[in-house]
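S.K.: The structure follows.
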Amino acid sequence: MPPPDATYSIVVRVRRVTTEDAYIRVPVTDAVVAAELDADGHRHLDGGKVMAEARRLAETGAGAWQVQEQAVDLHPVQNTPPDGR
């Protein structure tokens, strides 16, 4: 028989997702400019190349990251905690 002041609990697995954002400065170089001249005879920025370079820079730690939001939700897989948790 458990002692009279015993309590019981159930372990529920949850997860927290943190979303951060940063503003990344992408240098305007040949790497982000379209290779071909436009009809007006000028070269213009290639949007896809600019976005790819922004992602690359962000992955190397560029930018001042700030938490935008945090959300806690039930984890879709409920199982027993591993040892040490």
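All of the numbers you see were taken from the coordinates with simple rules; none came from a lab. Here the structure is a predicted model, which means the values were calculated and not measured. In this analysis, Cβ positions are derived from the backbone assuming ideal geometry, glycine residues included, and neighbour counts consider all displayed protein chains.
S.K.: Work out how much length Thr60 to Gln78 would gain on full extension: take 0.36 nm times their residue separation and subtract the Cα-Cα distance, in nm to one decimal.
M.R.: Result: 3.0 nm gained on full extension.
S.K.: How high is the relative contact order of the chain, in percent, with contacts defined as C-alpha pairs under 8 Å that are six or more residues apart?
M.R.: The value is 46 percent.
S.K.: Among Ala39, Val67, Leu57, flag the residue with its Cα farthest along the positive direction of the charge dipole of region 18-74, charges on Cβ as +1 for Lys/Arg and -1 for Asp/Glu.
M.R.: Leu57
S.K.: Considering only Arg25, Arg55, Arg43, give the residue with the highest GNM mean-square fluctuation for the chain, with springs between Cα atoms whenever their separation is below 10 Å.
M.R.: Among Arg25, Arg55, Arg43, the largest GNM mean-square fluctuation belongs to Arg43.
S.K.: Something else now. Round to the nearest 10 and give me the degree value, 0 to 90, for the angle of helix 47-59's Cα axis relative to the longest principal axis of the chain.
M.R.: Approximately 40 degrees, to the nearest ten.
S.K.: Amide H to amide H under 5 Å from Val33: which residues, 5+ apart in sequence or cross-chain, H placed 1.01 Å off N in plane?
M.R.: Counting only residues 5 or more places away or on other chains, the set is Asp46.
S.K.: Give me the Debye-computed log₁₀ of I(q)/I(0) at q = 0.22 Å⁻¹ for region 18-74, equal point scatterers on Cα only, no solvent, two decimals.
M.R.: -0.85
S.K.: Can you put Glu20, Glu53 in order, fewest other beta carbons within 10 Å first?
M.R.: Final ranking by Cβ density, sparse to dense: Glu20, Glu53.
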